[in-house]
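Asker: Handing you this structure, nothing more for now.
The values are calculated or read from the model by the stated rules, or taken from the named source; none is laboratory data. Source: prediction; values computed, not measured. Don't worry about glycine lacking a Cβ; one is built from the backbone with ideal geometry, like all the others, and counts go over all protein chains shown. For the accessible areas, the whole protein counts, side chains as well, though only heavy atoms, and no ligand, DNA or RNA atoms are used. Shrake-Rupley method; radii C 1.70, N 1.55, O 1.52, S 1.80 Å.
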Amino acid sequence: MAGISESFLETYAESDALDLAGMVHRGEASPAELVECSITMIERLNPALNAVVHRLYDMARAQAETVDRSSPLAGVPFLLKELASSWTGAPNTNSSFYLKDVVADFDAEVVRRMKAAGLVLVGKSNAPENGWSITTEPKLYGTTKNPWKEGITPGGSSGGAASAIASRMVPIAEASDGAGSIRIPASCCGIVGLKPSRGRVSLAPFGDYWYGGAYFLCCSRTVRDTAAYLDAVAGALPGDPYTPPVPDGTWLGLSSRVQKKLRIGFSVTPPNGAPIDPEVKAAVLATVAALERLGHHVEEHDMLLDANAVWATYTNMTCVQTAATFGYLETVVGRPVTPGDVEPVTWAIIERGRSTDGIRHASDIEQLRQIGRGIVGDLAAYDLFVTPTLTQLPRPFGYYDMSETDIDRYNAKWADSVFAYPFNISGQPAISLPLGWSKSGVPIGVQLVGRYGDEATVLAASAQLELEMPWKDRWPAVSV
């Protein structure tokens, strides 16, 4: 194939996933040409960002030749997060030295759906070990940089995906969220990140992660791409533990539906008593004002939540689940995990999980069920609830340090995400949109939370804000 021209690269970088798929549908570009654009961009930008840790170019070129050109996301270059999801033939290390030689030998159900939608895997994006950080600085692969500004985190755990999307290596990439890990990097990197409703995307062949606390979807640069991806991968399998209501129509169609007047609550008061950065607060208030201009009713409502106690209960549960996961992984690797195999905070998590008895774990699960019900009840009066995604601007590298051996001290650093993890517990859909910018040009995410099963309202209101407070013409310092 002849080299890709700079003008075509510019078109690629300016296009979202649906634009690129449309080019394939009309015969204006081939999947192979789009793959070469992505490879060129990765080779050009990744040395500065370290967003892509496995380059799977040969796989991508082979897959591009077999893509169904009528599929909804035909030929769109895509990154899989280096955490959990299995794509046959791709590394599957969870960014851990313990798993550094593991290669997936099956497709997860969500990967089967990605392939059916026409997405072409060009690589795997960086993530912190086992996903338990809201930065992306794993020892195995090194630090991912934020393309907007030197020295600050791109967020985590989907930080590699967010950095790659913001810099235009790919228009869309897989992301996952156990305590904000889709929404937080979306906020830090100025892109769109939706955590769907509990059960919206099947976790098959696995049954569950974290009692419904972990979610898989994507990050992208546009609301419509997120809606189209949700169309591609959503759906429970018979026997899945959670089955949210299914709407009439596609998510993409619903995202463009004219909204009735919504009742919207908002808060700029962190429920853990922590301070909020003035620029973050201003971004939320500007969003609220925009929603009011669009004809919606808005009112302030502070969450009725003992957030610090909730966080302690949630992290106790995740410790047990992590210990159980490593028990399973020992059967994959063929030997026990040792302290030398994992980062210090991961070992501390495993040890706490192993030392927690079944009665305590059952009690934690019951508490989380009641907490989730309480969150939903607290916000029941609202069609949407608006908050900061993070209460502070992106932290400097080293702030979330996985060499920490005190798990409580480490988890306390997550105070900035106090508006994120409650909705992992409640199961409600929540999206981060790049609706604010600091004086230094750093993106600020604003979160919209919907009722359980109602991604439609979240997406439609997000599309309204995308027109009212557009971000598509903002490009980071490191990009094409």
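Asker: Counting pairs of alpha carbon atoms under 8 Å apart in space and at least six apart in sequence, what relative contact order in percent does the chain give?
Answerer: 18 percent
Asker: While we're on this one: Within 15 Å, Cβ to Cβ, of residue 452, how many net charges do the neighbouring residues add up to if Lys/Arg are +1 and Asp/Glu are -1?
Answerer: Counting the neighbours of residue 452, the net charge comes to +2.
Asker: For a protection proxy built on the mean count of beta-carbon atoms within 10 angstrom, sort 15-24, 76-85 highest first, please.
Answerer: Answer by packing, highest mean first, reads 76-85, 15-24.
Asker: Per-residue counts of other Cβ atoms within 10 Å, averaged by peptide: what ranking do you get for 172-182, 306-316, 340-350, 443-453, highest first?
Answerer: Per-residue mean Cβ counts within 10 Å order the peptides as 172-182, 443-453, 340-350, 306-316.
Asker: Taking Cα pairs under 8 Å and at least six residues apart, what relative contact order does the range 304-406 come out at, in percent?
Answerer: Once normalised by length, the contact order is 40 percent.
Asker: What is the sum of charges around residue 138, taking Lys and Arg as +1, Asp and Glu as -1, for the other residues whose C-beta is under 10 Å from the C-beta of residue 138?
Answerer: After counting each charged neighbour, the total is -3.
Asker: Still on this model: Report the charge-dipole magnitude of the chain in Debye, nearest 20, computed about the Cα centre from +1 at each Lys and Arg Cβ and -1 at each Asp and Glu Cβ.
Answerer: With only Lys, Arg, Asp and Glu charged at Cβ, the dipole is about 340 debye.
Asker: Run through the range 230-324 and list the trypsin sites (Lys or Arg not before Pro) located in a DSSP loop whose Cβ has at most 13 other Cβ atoms within 10 Å.
Answerer: Of the trypsin sites (Lys or Arg not before Pro), the ones in loops of the range 230-324 whose Cβ has at most 13 other Cβ atoms within 10 Å are 257, 260, 261.
Asker: Could you tell me how far the Cα centroid of the range 272-332 sits from the Cα centroid of the range 1-69, in Å?
Answerer: So the two Cα centres are separated by 35 Å.
Asker: Shifting gears a bit: Considering the values [x] 30, 28, 21; [y] 57, 24, 22; [z] 70, 39, 19, which represents semi-axes √(5λ) of the Cα gyration tensor in Å as calculated for the structure under consideration?
Answerer: [x]
Asker: When the helix-only estimate is applied to the chain (DSSP H runs of n ≥ 4, each -39,500 (n - 2.57), divided by the residue count), what is the mean residue ellipticity at 222 nm, nearest 500 deg cm²/dmol?
Answerer: -12000 deg cm²/dmol
Asker: Same structure, new question: State to the nearest 20 debye the size of the charge dipole of the range 57-136 about its Cα centre, where the only charges are +1 on K and R beta carbons and -1 on D and E beta carbons.
Answerer: About 220 debye.
Asker: Can you spot the lysines whose alpha carbon is less than 23 Å from residue 472's alpha carbon? Ignore those fewer than 8 places along the same chain.
Answerer: 145, 149, 195, 281, 439
Asker: How many Å² of accessible area per residue for the range 1-150, probe 1.4 Å?
Answerer: 37 Å²
Asker: Once you list every other residue whose beta carbon is under 11 Å from the beta carbon of residue 265, what net charge do they have if Lys and Arg are +1 and Asp and Glu are -1?
Answerer: Net charge around residue 265: -4.
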